[in-house]
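> Below are the structure tokens for one structure; questions will follow.
Derivation of every value follows stated rules applied to the coordinates shown; laboratory data play no part. Treat the numbers as computed from the prediction; the structure is a model and nothing was measured. No Cβ is skipped: glycine too gets one built from the backbone with ideal geometry, and neighbour counts run over all protein chains shown.
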């Protein structure tokens, strides 16, 4: 009897993890609130496929402004991954292109919020990835006003060290247009 209960728990745990990576379910669970966090953050992590302890990794997190309020920070995942790629190619958690772009943004910016980084082509490409992810996972993409992303350095899945924020973008329009500054705009002759 106890064996059957354990078997049901293990199978249920595995199904919840596997189903949470399917795009329709991932899209739905990103916005569902459970307690003070999103349902997606409450899903257990599959530790076998996590990176080893002590590995330095750059992660991109994004949040969206929906009807004046900001959502929680969500990790940017590979937009072009298939639903089964976390099993087939687990070492490719984040694609190489995003890693190179984030390193370039950090090299150009140097510090959090430096103007040079905001004007760079690498910053714009990371921003486009964030916009694509927001529109892909958001069931209310037309209600998203603006987006923001941050770059963090993590030290691995098993470490107790908290990730360190290296760069925070400015608030950007959700659909590629530029945000209007607050207040009246003076015309240039």
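> Set the Förster radius R0 to 35 Å, insert the Cβ-Cβ distance between residue 75 and residue 119 as r into 1/(1 + (r/R0)^6), and round the FRET efficiency to 0.05.
It comes out at approximately 0.85.
> A follow-up question, please. Can you give the extra length, in nm with one decimal, that the chain gains between residue 164 and residue 8 once fully stretched, where that is 0.36 nm per residue apart less the Cα-Cα distance?
52.3 nm
> Continuing with this model, one more query. State, to one decimal in nm, how far the label point of residue 142 lies from the label point of residue 65, with both points 7 Å from Cα in the Cβ direction.
Between residue 142 and residue 65, the simple spin-label model gives 2.1 nm.
> Now a separate question. Using 0.36 nm per residue of separation minus the Cα-Cα distance, give me the extension gain between residue 103 and residue 173 in nm, one decimal.
Contour length minus the Cα-Cα distance gives 22.9 nm.
> Taking the highest mean first, how do the peptides 62-74, 122-134, 3-15, 142-154 order by number of other beta carbon atoms within 10 angstrom per residue?
By packing density, highest mean first, the sequence is 122-134, 142-154, 62-74, 3-15.
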